[in-house]
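A.B. asks: Could you have a look at this structure, given as structure tokens, before my questions?
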Amino acid sequence: MENIGNSYIIDENLLKKLPETPGVYQFKNKLGKVIYIGKAKNLKARVSQYISGTDSRPMVESLMKKAGSVEIILTNSETEALVLENLLIKNRQPLFNIDLKDDKTYPYLAVTDEEWPRLISTRHLSRKLKYFRGPFTQVNLLNSLKKLIQTLYPLKYCSNKRPKGCINFELGLCPAPCRKDADRAAYLENVKNTIEILQGKKWNEISRIIQEKIVLNAEALNFEKAAKLRDLLELLPDIRRKYSVEFSGSGAEDFFCFKRVGDTLFAAAARYSEGKLLSLKSCSASGIFEEMSSWTATFLTSFYSGKETPDKIFLFPETLTKDEISAILQRKIRKTGAAGGEILKMLQTNIEQNIRVFFNDTEKTNKALSVISKFLKTPVSSIQCLDISTLYGEYNVAGAVWWENGKFNRQKYRKYKIKTVKGVDDFGSLREVATRLLKRWQENSLEKPSLLLIDGGEGQVSSVKSVIQDFVPVAGIIKDRHNVKEMELLIDGSGNELVLQDAAFAMLLKAIRNETHRFSITFNREQRKERLELPFSKIKGIGRARENALLEKFRTIDAIKKATVQEIAEIPGITEELAEEILKALE
């Protein structure tokens, strides 16, 4: 690596001085303090995006207002630049780079590193520890596990020194190493066994050990201790089930999933041992990295700071190679790859939940509403969203949800059965619901939102606007326009469009749209269930899945009545005998 450092004042001549080579750039404020670090394949091209203002990320504008100079370090490759960037960020912690935040501070079980180690629960890993395990998302699980370990392999409870022992010693709960005649070798053996349990070892022996201790205490007429051990033995299957792992060996694998939303990176991390889940953690991190590889590298460094690093690390998306991860973490990683399958689905579910919580934040909500209000040229504080749901023209319904003050207000959700429209006609259905809404707004019998959001495009918006005119502002959200993944638009009543990508306002609108879609589909299914309950409820073997399969194939009850036994029996899971029963029930 060629470490040539050059610092340049940010002026009109800056770009003429920068090379078109890989390297790291460091923006400094007027006092010379580094406030942002980035890496680039082409330093001149990358820095020029900041200087010219073509980088549209929100935080970049604030960064450039503070920046007074830029320093560059040339490297031999982009990979070297990535590793150096990560190292510099770790050491200097610039203001505008990543800020890792746990979604919640969960506790750990830890063994202290002192003359007589103790087993403790802690939410802070800054103290000197011999070993730790976690975080635990269920505090009751942590407490049960701690009680189990402390019973099998007692360690001292307190940090005080009492030469004669204490009440815990008298009760047989503590080996009292503070006594002069304490057996240090036996104590350290308990420490070793405690750590092995936390590492996932010895669990196949635990049940046998407890049973042996029960017998010994019963023979010694220590029935109270034997009873407590019996209670622990009964709890053992539940502890193992909640811990989601059969501790049959060592070897850990970490799986990560990342999703970038504007200037925020959301991540979920799961640790597995022998194919079983040990722990799951979700985090968010803010920064202005231009590439996911930089985000991921800095995130991993922050995540593993002061923690044990496994031999195997899997990422989604797979933005770093095995060699890059090894260089960044300064330890040999034996295996890497892309996270996938059920593990990936679980991680993505946790990320989506974290995103929902994140965007409930008042400050972010206010910023999102500011952007929406500016585009629509009207103040927006409450949003009612409307969606039509139908099954091939049958069971036409509409669902309307209400969002205000960063939350969905389910007391203001509304359901509408479409009465005047037959068949598939979104425009007509929307006009009917709009007419009913307008009437109640004019009567002051229903609260009026500051924005009526439609799940649909220009045609749907026009249909609603033709009814309510300017009584309430109307906008629509278009899903997957031009068939480009996640390319969605907000469209106002005049046809103006605003691209919805990953900014806070976009996530807010998408969340409202998705909740409305869920609500209207649920209402549609309720209607189908009510209509189908009488003819189908007495038929053994017809559940929701087969009910839906019947409607998917025949679309209406009348069509099912006209079908032959053979046509109905073509549906997977429905025999000719069951088809005959269905037709009899519909007579």
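A.B. asks: Of everything in the stretch 242-282 that's among the basic types (Lys, Arg) and at pLDDT below 60, which residue is nearest to Val60 (Cα to Cα)?
C.D. replies: Restricting to residues being among the basic types (Lys, Arg) and at pLDDT below 60, the top hit is Lys276.
A.B. asks: Taking the stretch 388-412, which residues are out of contact with any Cys (no Cβ under 9 Å at 6 or more places or on another chain), under 21 Å from Ser463 (Cβ atoms) and either modelled with pLDDT of 90 or more or not in a strand (DSSP E or B) (or both)?
C.D. replies: Tyr392, Gly393
A.B. asks: Still on this structure, I have one more. Is it the case, given these coordinates, that Ser144 is on the phi < 0 side of the Ramachandran plot and at pLDDT below 80? First the steps, then the outcome.
C.D. replies: Numbers: on the phi < 0 side of the Ramachandran plot: yes; at pLDDT below 80: yes.
So Ser144 passes the test.
Rundown of residues vs (1) outside the structural domain of Gln460 (by TED's automatic domain parsing); (2) at pLDDT below 70; (3) under 25 Å from Tyr416 (Cβ atoms), yes/no style:
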{"site": "His482", "(1), (2), (3)": "no, yes, no"}
{"site": "Asn496", "(1), (2), (3)": "no, no, no"}
{"site": "Leu500", "(1), (2), (3)": "no, no, no"}
{"site": "His517", "(1), (2), (3)": "no, no, yes"}
{"site": "Leu532", "(1), (2), (3)": "yes, yes, yes"}
{"site": "Glu552", "(1), (2), (3)": "yes, yes, yes"}
{"site": "Thr564", "(1), (2), (3)": "yes, no, no"}
{"site": "Glu567", "(1), (2), (3)": "yes, no, no"}
{"site": "Glu577", "(1), (2), (3)": "yes, no, no"}
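A.B. asks: Right, another one. Identify the single condition in (1) at pLDDT below 80; (2) surrounded by 14 or more Cβ atoms within 10 Å (Cβ to Cβ) that Ile454 does not satisfy, given that it satisfies every other one.
C.D. replies: All conditions are met except number (1).
A.B. asks: In the list Val401, Val433, which residue meets the criterion of being farther than 23 Å from Phe375 by Cβ and buried (at least 18 other Cβ atoms within 10 Å of the Cβ)? Steps first, please.
C.D. replies: Working: Val401 fails: farther than 23 Å from Phe375 by Cβ.
Result: Val433 is the single residue among Val401, Val433 that is farther than 23 Å from Phe375 by Cβ and buried (at least 18 other Cβ atoms within 10 Å of the Cβ).
A.B. asks: Return the residue satisfying two criteria in turn: it lies in the stretch 290-318 and is touching a Ser or Thr at 6+ places or on another chain (Cβ under 6 Å) and touching a residue at least 60 places away in the same chain (Cβ under 8 Å), and of such residues it is surrounded by the fewest Cβ atoms within 10 Å (Cβ to Cβ).
C.D. replies: Looking at the filtered set, the residue picked out is Ser293.
A.B. asks: So, one more: Looking at the stretch 512-526, which of the residues that are over 16 Å from Ile383 (Cβ atoms) and of a type in the set (A, V, I, L, M, F, W, C) is surrounded by the fewest Cβ atoms within 10 Å (Cβ to Cβ)?
C.D. replies: Across the stretch 512-526, the extreme among qualifying residues is Ile521.
A.B. asks: Six or more apart or on different chains, Cβ atoms under 7 Å: show the pairs whose first residue is in the stretch 567-582 and of a type in the set (Asp, Glu) and whose second is not in a loop (DSSP other than H, G, I, E, B).
C.D. replies: From the stretch 567-582, the pairs are Glu576/Val565; Glu576/Ala569; Glu580/Val565.
A.B. asks: Tell me, yes or no, whether the stretch 422-444 has at least one residue that is part of a loop (DSSP other than H, G, I, E, B) and within 20 Å of Val380 (Cα to Cα).
C.D. replies: yes
A.B. asks: Please determine whether any residue of the stretch 234-241 is of a type in the set (A, V, I, L, M) and either closer than 30 Å to Val60 by Cβ or at pLDDT 75 or above (or both). Walk me through it before giving the result.
C.D. replies: At the first step, the residues of the stretch 234-241 found to be of a type in the set (A, V, I, L, M) are 235-236, 239.
Narrowing the set further to residues that are either closer than 30 Å to Val60 by Cβ or at pLDDT 75 or above (or both) leaves none.
Looking for residues that are of a type in the set (A, V, I, L, M) and either closer than 30 Å to Val60 by Cβ or at pLDDT 75 or above (or both), one finds none in the stretch 234-241, hence no.
A.B. asks: Quick check on this structure: which one of Tyr395, Tyr416 is aromatic (Phe, Trp, Tyr) and without any contact (Cβ under 8 Å) to a residue 24 or more places away in the chain?
C.D. replies: The match here is Tyr416.
A.B. asks: Identify all residues within the stretch 34-64 that are among the basic types (Lys, Arg) and modelled with pLDDT under 85; write none if there are none.
C.D. replies: If the condition is that a residue be among the basic types (Lys, Arg) and modelled with pLDDT under 85, then Arg57 is the only one that fits.
A.B. asks: I'd like the full set of residues that are assigned to a helix (DSSP H, G or I) and under 38 Å from the mean Cα position of the chain (by Cα), limited to the stretch 10-51.
C.D. replies: The answer is Leu43, Lys44, Ala45, Arg46, Val47, Ser48, Gln49, Tyr50, Ile51.
A.B. asks: What do you reckon, is Asn217 at pLDDT below 75, assigned to a helix (DSSP H, G or I) and of a type outside the set (Val, Ile, Thr)?
C.D. replies: So Asn217 passes the test.
The values are calculated or read from the model by the stated rules, or taken from the named source; none is laboratory data. Here the structure is a predicted model, which means the values were calculated and not measured. Cβ coordinates were reconstructed from backbone atoms using ideal geometry, including for glycine residues, and neighbour counts include every protein chain displayed.
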